[in-house]
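First up is the structure itself, then whatever we jot down about it.
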């Protein structure tokens, strides 16, 4: 937990994992900006819920793949001060084996996870640098580390995000800003429930259960804290022991 309130932006904050991260950062005392694209109503409801609990929260809507719309939305956000905690959580799946994958499927996944990372992160950097303190956490995946059938597009996007994490960490280290990636494995969610049954999870995961969104959120909260000041340029796996 940080010793003072900071402004945090979580992209894809309306989904199962993003919402858990928003709640964890709010509990840590930060003012949370909850981004959504298609889930604007869920983001608004989460912001209201957090405010009712005494936190500071707001929702905002834009498409991370649209540089102009993203820049405009972030410009308005920065009018109230810099963002010092950024969680690049927005991402999509559009699975198919590569021989049957369409160009649209390839570009859609790359656009959200990789180009979205650039469109959101780049405008926030100079204001963050001026504060001499920052935390950037990029949500990756075990698929980038081990591969996964039917997810060449997703593995490629998250693998590139891992490399970008390491390079950006080098650029920002002298400015008091850390940059890390978190690589979840199978995490309990409606999406995972439709893809993995209990037998498959027991076979794939040494701990023989899915992780919870809250467990991932705890890790993100720690990497966002003053206590993680000496951790940067890392891809931190949270996958129940999957090699």
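The numbers here are math on the coordinates, done by the rules we state, and not lab data. Quick caveat: nothing in here was measured; it's all calculated off a predicted structure. Because the Cβ atoms are built from the backbone with ideal geometry, glycine has one as well, and the counts that use them run over all protein chains shown.
General remarks:
- Between helix 40-52 and the chain: long-axis angle, C-alpha atoms, 0 to 90°, nearest 10: 50
- Relative to the longest principal axis of the Cα atoms of the chain, the long axis of helix 152-172 makes an angle of roughly 30 degrees.
- Inter-part distance where segment 1-47 and segment 53-90 are each reduced to a Cα centre, Å: 10
- At q = 0.15, 0.22, 0.25, 0.27 Å⁻¹ the log10 of I(q)/I(0) for segment 98-143 amounts to -0.55, -0.85, -0.96, -1.02, computed by Debye summation with a single uniform scatterer per C-alpha, solvent ignored.
- Full extension of the chain segment joining residue 163 with residue 122 gains 13.2 nm, where the gain is 0.36 nm per residue of separation less the Cα-Cα distance.
- Each of residue 230 and residue 79 was given a label point 7 Å from its Cα along the Cα-to-Cβ line. The distance between the two points is 4.3 nm.
- Anisotropy class of segment 7-237 from Cα gyration tensor, a/c 1.5 cut: rounded
- Mean-position separation - Cα centroids, segment 98-146 and segment 210-243, in angstrom: 17
- Cβ crowding within 10 Å ranks 33, 51, 22 as 51, 33, 22, fewest other Cβ atoms first.
- Förster radius 25 Å - calculated FRET efficiency between residue 171 and residue 146, Cβ distance, rounded to 0.05: 0.35
- Per-residue Cβ neighbour rank within 10 angstrom, fewest leading, 225, 14, 163: 163, 225, 14
- 222 nm mean residue ellipticity, helices alone, for the chain (DSSP H n ≥ 4; -39,500 (n - 2.57); rounded to 500): -13500 deg cm²/dmol
- Between the beta carbons of residue 69 and residue 107, assuming R0 = 22 Å, the FRET efficiency works out to 0.80 to the nearest 0.05.
- Estimated inter-spin distance, residue 5 and residue 131, nm [label 7 Å along Cα→Cβ]: 1.3
- Between helix 16-27 and the chain there is an angle of about 30 degrees, using the helix long axis and the longest principal axis of the Cα atoms.
- Taking 0.36 nm per residue of separation and subtracting the current Cα-Cα distance, fully stretching the chain between residue 45 and residue 197 would add 51.7 nm.
- Convex hull of Cα atoms in segment 115-234, direction-averaged projection (nm²): 8.1
- Fewest-first sequence of 37, 218 by Cβ atoms within 10 Å of each Cβ: 218, 37
- Given in Å, the Rg to one decimal and the Dmax to the nearest whole number for the Cα atoms of segment 1-140 are 15.3, 51.
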